[in-house]
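Enquirer: Mind having a look at this structure? Questions to follow.
Coordinate-derived values only; no laboratory data. Quick caveat: nothing in here was measured; it's all calculated off a predicted structure. Ideal geometry is used to build each Cβ from the backbone, glycine not excepted, and the neighbour counts take in all protein chains shown.
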Amino acid sequence: MNKRQNNNPILELENVYKSYNGVKALTDVHFDLHPGEVHALVGENGAGKSTLVKIIMGVIQTDAGSINLDGEPVKISNPQVAQDLGIAAIYQEPMVFPDLNVAENIFISHAQRGSIVKWSKMFRDAEEILGKLDVKLNVRMPARGLTVAAQQAVEIAKAISLNVRILIMDEPTSSLSAHEVEQLFKLIRALRNQGVAILFIGHRLEEVLEISDRVSVFRDGCWISTKPRDEITIDGVIRDMVGREFSEFFSKTKTERGDLLLSVRNLYKENTFHDINFDVYRGEVLVFAGLIGSHRTDVGLALFGVEPADSGEIMLEGNSYRIKSPEQALKLGIAYATEDRRHLGLTMPMSICSNISLPLLRDYLNKLGLIKRIEEEKTAEVFRKRLDIRASSVNISVENLSGGNQQKVMISKWLNTDPKLLILDEPTRGIDVGTKAEVHKMINDLTGRGIAVILISSDLPEVLAMSDRILVMREGKQMGIFEQKKAEQELIMAAAMGQNNIKQGVAL
Amino acid sequence: MKRIYGRFSPEQIRVLFLMLLIVLVVVIFSIQIDDYLTANFFNRISTSVAIIAVLAIAQTLVFLTRNFDLSLGSIVGVTAYIIGQQLTRIPNMHPVVTVIFAIGLGMLMGTINGVLIAYGRVPSIIITISTLAIYRSFLVEYSHAIPITTNNLPRWVVELNKISLLTIGGLELRVLFLIMIVIVVIFQLVLSYLRFGRRLYAIGSNPVAAKVAGFPDRNIVFMAFLLSGALGGLAGFMYLVRFGNIMVLAGQGLEFASIAAVVVGGVSNMGGSGTAIGALLGSVMIDLLENSLYRTMAVSEFWRGAILGMLILLAVAIDHVFIGRLRKIWARAGFLMTQSEEDPEKAEVSSHVE
């Protein structure tokens, strides 16, 4: 435990209850936070972590229970109250204002700076705060176009400028590269040493163990355990999270490599990627690894025809095609499940069955052009069973599902098109350990049926466990293709970071 | 190249581009039409631009927060009529009182919009399209279809439009034009130097972030509609001064003109970007084109709506391509600038997405 931590908690939640429309989100929850500690909160999706954050931030109110700040009961009725009490939050997707410049983003909420904006003073102050954080940013640039890491740095600067005593970080690392995570952790440690109490929510347990002083586990809206850093193990945390032993996370079951399905030669797109060469065989998983900005996703989008490549050859089952649209790609048997479920993957207000039938809606029309709802539901039921989508009915809208189940609906939607090649872009990002294992099981199932999978993933253990071969990219360049047997975390990382002294893997 | 990045933002370049386009339009028409550039033409346009520009500023305030005010035309009509009626009844009402009365009336209507939108959380398009109809119907009922006529108005109102504060070789600086300039200057300053102004940009730029940012976002949206109504009331007074005769349909279509002006002027319909100067230039552009096209005789007055519509489409199309490109180039330039100054390790944190 951190020495600076004193014995009086700065924030204490007692017997907190919260339900939405009769569904229990939090039940009798206890949580406390001490100055100068990083207290991590982990749990599967739906465990109630986000609800807890919203309550502390004043976005929603508790049904019952008390919140004490410095031992005094407080009522946090809206985010402004939270701010006045010295509480700030940094979310998974940073909440910046893209049209405002960096300095404005830091000071937009400040009430005591007066109602007239003193620009030059504001720029100076912003530079000073960023300087303290050892972050170099042009404070006059609009926040539009900043990387997620840079946006988070801006938000941290904002929190510091407000003299926060409690900083909540809700999955801040999920879209950061390994290097950026290191930078972020440096900032977190610096803040902790200044006495700030930090609530850290994370999905990557290795990171949680690295940064935290104490770890609390929630499950199904209930508090399960709180232990100091020294007394916990990853296995123990996972056991608490899922409520059962977890011997093995995930692994690729070996399948026989089938015939050659797809060959890509010299694929090129201006300012995006170049010289991409690879083959995919039926029943294999080819992983695209690389850091943020390596343009792995763009290669996937090019194969699916969303953002077609400028030149190069795409051969599918021996025939050469220029894939120009998703319609064409679907006809050829290529499907692409996007990373951005919420915006690109699913139609949130629509039901599970309507989402699944959407790409092939024509097949669900009767002679009058009306939708055959029974057929739709039948299909959806098949996938509900096969992928274990947890929902009371296939007619409920997908926005009511947890992230993991949404992921399954999206994958169902594309499996229903009966693809030969399925491109999965970060299918396990932001979903919990249990569902992650199910997604991996499903990938094994698919390859067993002879479907080829291109898996785009930033999660190194996943990359190593699930792959047959690994294609590493860096800044639009193909760094090499590695056989899973020969690959190690360090080797992949080195290639992704652009180290030149590594041996090129087996090409193609 | 580096200099351009430092000195002008993409939005500023767009404003310069619009200025250039206005000059180009004037040059083309003066070649096409004999006696185009007369002092008389300038004087006439200056008063009609004044009203549209004041409304465009009103529209800008709500546009910045990702909202619309479709009720502006009705607010102008109602204010112009009621003020005209009161002046007919009480001819010796003081001019200052009259203007304050007009602004107050507009504020009242803006308050109704603002309460329902900001606190009732109903989308502005629903609320203001309703109040557009409600305010207009109120006017029809209230007026019993009896128009206000110039003859019954006090002399100062009728003459105010003709008063020139400064005349240079036939070019007159008329009162309405001066009011407009004052309003544009005030709101340009409000938008760039007041916390309130910057928060308008913030709300439109990312409404979700504004909710959790810890500043009173709803009060600010409410204020935007209140001010929009107030400016609508002022424009109603200006409308009365300009035309004198007020029918129940007075001001109809001005909400549309104000939207055309702000869109052409580069105020984003997705909120977060745009300036008062831009709104002014947009107003000048649409009014100039309209008035000039009538004079070519090639276009009849019935095409008025179509011209505005086409201008909106064109402006949106240009913005989509042009501003998007520029912003990308700028972001990349920002990236290069920061990277060249620092050691590469730190630059990683500061890097921009390409």
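Enquirer: Using only alpha carbon pairs under 8 Å that are at least six residues apart, calculate the relative contact order of chain A and give it in whole percent. Present the calculation step by step, with values, prior to reporting the outcome.
Expert: Values: 1016 pairs, mean separation 76.2, N = 508.
Relative contact order, chain A: 15 percent.
Enquirer: If I take every Cα pair under 8 Å that is 6 or more residues apart in the stretch A:346-418, average their sequence separation and divide by the length, what percent do I get for the relative contact order?
Expert: Contact order relative to length: 46 percent.
Enquirer: I need B:S273, B:S228, A:S263, A:S66 ordered by Cβ neighbour count within 10 Å, fewest first.
Expert: Ordered by Cβ neighbours within 10 Å, fewest first: A:S66, A:S263, B:S273, B:S228.
Enquirer: Can you give the FRET efficiency for A:E381 and A:N319, using 1/(1 + (r/R0)^6), R0 = 30 Å, r = Cβ-Cβ distance, to the nearest 0.05?
Expert: Using R0 = 30 Å, I get an efficiency of 0.25.
Enquirer: Related question: Treating only the Cβ of Lys, Arg, Asp and Glu as charged (+1, +1, -1, -1), what charge dipole size does the protein assembly as shown show about its Cα centre? Round to the nearest 20 debye. Before the final figure, lay out the partial values.
Expert: Details: 86 positive and 86 negative charges, 334 e Å.
Roughly 1600 debye, rounded to the nearest 20.
Enquirer: Same structure again: Give, rounded to the nearest 20 debye, the magnitude of the charge dipole that the stretch A:11-242 has about its Cα centre when Lys and Arg contribute +1 at Cβ and Asp and Glu contribute -1 at Cβ.
Expert: The calculation lands at about 720 debye.
Enquirer: Run lengths n ≥ 4 of DSSP H only: what is the helix-derived mean residue ellipticity at 222 nm for chain A, with -39500 (n - 2.57) per run over all residues, to the nearest 500? Mind dumping the intermediate values first?
Expert: On the way: 16 runs with 162 residues, N = 508.
Calculated at 222 nm, the ellipticity per residue is -9500 deg cm²/dmol.
Enquirer: Something else now. Where the centroid of each part is defined by its Cα atoms, how far is the stretch B:5-42 from the stretch A:130-189 in Å?
Expert: 44
Enquirer: Continuing with this model, one more query. Which of B:A80, B:I312, B:A261 sits closest to the plus end of the dipole of chain B, meaning its Cα is farthest towards the positive end, when Lys and Arg get +1 and Asp and Glu get -1 on the C-beta?
Expert: Among B:A80, B:I312, B:A261, the one farthest towards the positive end of the dipole of chain B is B:A80.
Enquirer: Hey, another quick one. About the Cα centre of the stretch A:346-418, what is the dipole size in debye to 20, counting +1 per Lys and Arg Cβ and -1 per Asp and Glu Cβ, all else neutral?
Expert: In total the dipole reaches around 80 debye.
Enquirer: Using the charge dipole of chain A (Lys, Arg: +1 at Cβ; Asp, Glu: -1 at Cβ; taken about the Cα centre), state which of A:F200, A:Q407, A:I55 has its Cα farthest towards the positive end.
Expert: Positive-end residue among those listed: A:Q407.
Enquirer: Check cross-link reach from A:K486 to the lysines: straight Cα distance under 20 Å, and skip same-chain residues fewer than eight apart.
Expert: Partners found: A:K252, A:K254, A:K503.
Enquirer: Ok, one more. Relative to the longest principal Cα axis of chain B, at what angle does helix B:95-114 sit, 0 to 90 degrees, rounded to 10?
Expert: 50
Enquirer: So which aspartates and glutamates pass the test for A:K121, namely a Cα distance under 13 Å, with those fewer than 8 places away in the same chain ruled out?
Expert: In chain and number order, the partners are A:E104.
Enquirer: Quick one: helix A:119-132 against the long Cα principal axis of chain A, what's the angle to the nearest 10°, folded into 0 to 90?
Expert: Approximately 80 degrees, to the nearest ten.
Enquirer: From the square roots a ≥ b ≥ c of the eigenvalues of the alpha-carbon gyration tensor of chain B, which class results: rounded (a/c under 1.5), prolate (a/b over b/c), or oblate?
Expert: It comes out oblate by the Cα gyration axes.
Enquirer: Next question. Give the residue from B:P10, B:M270, B:V208 lying farthest towards the positive end of the charge dipole for chain B; charges sit on Cβ (+1 for Lys and Arg, -1 for Asp and Glu) and the dipole is referred to the Cα centre.
Expert: Result: B:V208.
Enquirer: Could you sort out which of A:K186/A:K227; A:K18/A:K136; A:K324/B:K328; A:K118/B:K328; A:K49/B:K211 sit more than 30 Å apart by Cα distance in this structure?
Expert: Violating the 30 Å limit, Cα to Cα: A:K18/A:K136.
Enquirer: Which angle between 0 and 90 degrees, to the nearest 10, do you get for helix A:178-193 versus the longest principal axis of chain A when only C-alpha atoms count?
Expert: Orientation of helix A:178-193: about 10 degrees from the principal axis.
Enquirer: Most exposed first by the Cβ proxy, i.e. fewest other Cβ within 10 Å, how do A:R165, A:R362 rank?
Expert: The order, fewest Cβ neighbours first, is A:R362, A:R165.
Enquirer: Ranked by Cβ crowding within 10 angstrom, fewest neighbours first, how are B:R66, A:R449 ordered?
Expert: Listed from fewest to most nearby Cβ atoms, that is A:R449, B:R66.
Enquirer: Kindly write out, for the stretch B:236-247 in residue order, the coupling ³J(HN,Hα) from the Karplus curve 6.51 cos²θ - 1.76 cosθ + 1.60 (θ = phi - 60°), rounded to whole Hz, with x marking Gly and Pro.
Expert: Calculated HN-Hα couplings, in order: x, 4, 4, 5, 4, 4, 6, 9, x, 8, 10, 9 Hz.
Enquirer: Per residue of A:111-120, how many C-beta atoms from partner chains lie within 10 Å of its own C-beta, taken as a mean?
Expert: 3
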